[in-house]
Each structure stands twice: as structure tokens, then as C-alpha cells.
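**Q** Sharing a structure here in C-alpha cells format.
The values are calculated or read from the model by the stated rules, or taken from the named source; none is laboratory data. If you're wondering where the values come from, they're calculated on a predicted model, not measured in any experiment. When we count neighbours, we look across all protein chains shown, and the Cβ atoms used for this are built from the backbone with ideal geometry, even at glycine.
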Amino acid sequence: MIVYIIVVGIAGFFLYQFLAPYLTFGTRAVPTKAREKLRSRPGKKNWIQVYETASRDEALQVQARLEEDEIECILYEQGKKDVHGNLLPGIGIAVPKTAMSAAQRIISRIPT
């Protein structure tokens, strides 16, 4: 029995290591690529969230619309939890502080 538990544990460990890049558990509020994008900006712009949704597709549509108007933006997973500690789905869109009003104007015109 102990050998079975050890074999299953080792197999599970290697399976997790193989699949870890594809699994999202919401452990980080800002994905690594977005974090690197924020840090690599010359002048270190201040970023402000202008949109929040639970749907990744909706967030991608808003991001595409903002980028059409040449407004720099990033998508990030929010690390919100409910009262029981369960992760809530949440995608935020942030833009540089200087582009906030233009982004809000564009988002307000997007049909829902």
C-alpha cells in the first residue's frame, strides 16, 4: 500500500510539473508577462484600472478596441476572493494614467 501511494505521489508530482505552465489557480494578481511590461516602461508610468469584467473574451474585446486607438493597455487577473476565501473570476484592464480619460471615453461607447 505504501509503495502504491509513493508511486502515485511521484506520478502526480511529475504530471503537475509538466502541466503547471498551463494551469491557472489565480495565485498571482498580475501575470508575469504583464508585470514585465509594467516594469520595462521608461519613465515608470502610473497605470490605472479602467475596466473590470468576469469574462476573458469581453476583456480581450475591450483591449483590442483600445489598441485600435493606439492606447497602451494590459490585461491582468485580479486576486479577489469572496467571504469564504474562494477565488472570484476577475479580469482588469489598466492603461497609463495619461490615457485614462481617452480610454474611459472609448469604453463608454462600446455596446454591451
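**Q** If you take the residues of the stretch 75-95 that are part of a strand (DSSP E or B) and modelled with pLDDT under 90, which of them is farthest from I48 (Cα to Cα)?
**A** Checked the stretch 75-95; the qualifying residue farthest from I48 (Cα to Cα) is L87.
**Q** While we're here: Restricting attention to the stretch 6-59, and to residues there that are among the aliphatic types (A, V, I, L, M) and under 19 Å from E72 (Cβ atoms), which single residue is modelled with the lowest pLDDT?
**A** Among those residues, the one meeting the criterion is V30.
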